Amino acid sequence: MYYNLQGFGEEVRSIRNNLKLTQKDVYELSSVHVDTLRKIEHGKVMPIQETLDLLSPIFKKDLNKLLLDYRLNDYSTFQEIRNRLESKIDRDEYQTLSVELNDLKTLLNNESNTYFTNLINQLILLIESIILSKEYSNFNKSFDKLIEAIKITTPDFSLDSYKSFIYNSTELRILMNMALVLDEIESIEKSLKIMEFCMEIVDSNERLYPKICYNLSYTYHRLDMHKSALKYSDLGIEYCNKHRDYNGLNLLYFRKGIAEYLIGYESYMDSLKKCIYLCEILGQYELKNMVIKSCKDFYNIDI
């Protein structure tokens with residue numbers, strides 16, 4: 001569920017200040033790490049129930065209940081659009097993203113909360129960037145859209161200082177896409193550095209995690225670093241199986257199979273067959289045919 005984490009964080013900080021407690025005081029009283037509290041107060045992380053349970057007695061307020069006051073009003077509509085968007089991106093179906101783009105613009109007209117209008121605007125710019133990149137190969141304009149998107153919530157952002165900021169999940173998604181576009185307009189090495197940074201800071205339980213794993217696996221594949229490609233495809237597969245999130249799992253098995261083939265592992269065919277099986281289960285027949293063709297054309301592998 002989506003929340004105004006910035007507003008919630010500001011209220012948490014206000015309560016702490018009114019109690020004349022420092023962040024270090026809170027850590028000593030609750031064992032909640034200073035860095036965790038700092039991220040909560042800056043609206044950069046979705047706090048888990050257990051953390052808020054530990055903080056509530058110190059803050060003399062039920063913070064789990066308080067968090068409910070900061071929910072997105074039309075969450076169900078937003079989530080439905082977001083799910084469609086993610087599903088299309090996972091299937092490389094970029095040609096119809098204008099549908100989700102228009103739906104988000106309609107939702108934006110009915111939302112008055114500044115935090116959520118910022119979030120929706122960021123997603124609109126992200127979709128526009130993807131369309132520019134994937135449909136028109138206009139990578140410079142695509143990158144400009146991503147810069148515009150991240151500056152909505154991180155106005156001082158610059159590519160030279162990207163490691164200086166704390167990112168929420170949407171901002172991190174934008175940063176990951178920046179890395180993908182930089183691969184086209186600058187260098188694969190620059191792209192890799194930013195992607196590795198995304199991997200360092202992403203929560204391993206976050207839905208973005210397997211996407212970063214996939215992109216890292218593909219980047220290492222292009223650099224002929226196939227053991228690293230295998231490592232990140234395995235990490236993405238582990239996440240998907242653990243969370244029963246099967247979107248993108250077929251592509252992770254594809255990356256795994258190709259890495260195994262290039263390393264010389266006999267298990268590569270099992271991985272590629274799992275990719276094909278998942279494509280069939282998910283009804284992604286165009287992707288299935290693309291995988292079969294790629295295996296034949298580039299690696300002389302018959303599946």
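The table below lists the values:
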| read-out | value |
| --- | --- |
| Conditions (1) in contact with a Cys (Cβ under 9 Å, 6 or more places away or on another chain); (2) surrounded by fewer than 15 Cβ atoms within 10 Å (Cβ to Cβ); (3) touching a residue at least 40 places away in the same chain (Cβ under 8 Å); number of the one not met by Tyr299 | (1) |
| Test set (1) buried (at least 16 other Cβ atoms within 10 Å of the Cβ); (2) touching a Pro at 6+ places or on another chain (Cβ under 8 Å); (3) assigned to a loop (DSSP other than H, G, I, E, B); (4) not hydrophobic (A, V, I, L, M, F, W, C) - Asp245 fails condition number | (1) |
| Scan of region 14-48 for residues that are among the β-branched types (Val, Ile, Thr) and either within 21 Å of the chain's Cα centre (by Cα) or assigned to a loop (DSSP other than H, G, I, E, B) (or both), ordered by number | Thr22, Val32, Thr36, Ile40, Val45, Ile48 |
| Subset of region 248-288 [surrounded by fewer than 17 Cβ atoms within 10 Å (Cβ to Cβ) and under 18 Å from Ser87 (Cα atoms)] | Tyr277, Glu280, Ile281, Gly283, Tyr285, Glu286 |
| Among residues of region 166-208, those that are among the hydroxyl-bearing types (Ser, Thr, Tyr) and surrounded by fewer than 21 Cβ atoms within 10 Å (Cβ to Cβ), counted | 4 |
| Positions within region 279-289 being in a helix (DSSP H, G or I), free of Cβ contacts under 8 Å to residues at least 60 places away in the same chain and of a type outside the set (Asp, Glu), in sequence order | Cys279, Ile281, Tyr285, Lys288, Asn289 |
| Every residue from region 1-27 that is aromatic (Phe, Trp, Tyr) and modelled with pLDDT of 95 or more | Tyr27 |
| Only one of Lys211, Lys145, Lys193, Lys151 that is modelled with pLDDT of 95 or more and farther than 28 Å from Ser98 by Cβ | Lys193 |
| Lone unmet requirement of (1) in a helix (DSSP H, G or I); (2) without any contact (Cβ under 8 Å) to a residue 12 or more places away in the chain for Glu266 | (1) |
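The values are calculated or read from the model by the stated rules, or taken from the named source; none is laboratory data. Small disclaimer: the values here were computed from a predicted structure and weren't measured. So basically every Cβ, Gly included, is an ideal-geometry build from the backbone, and we count neighbours across all protein chains shown.
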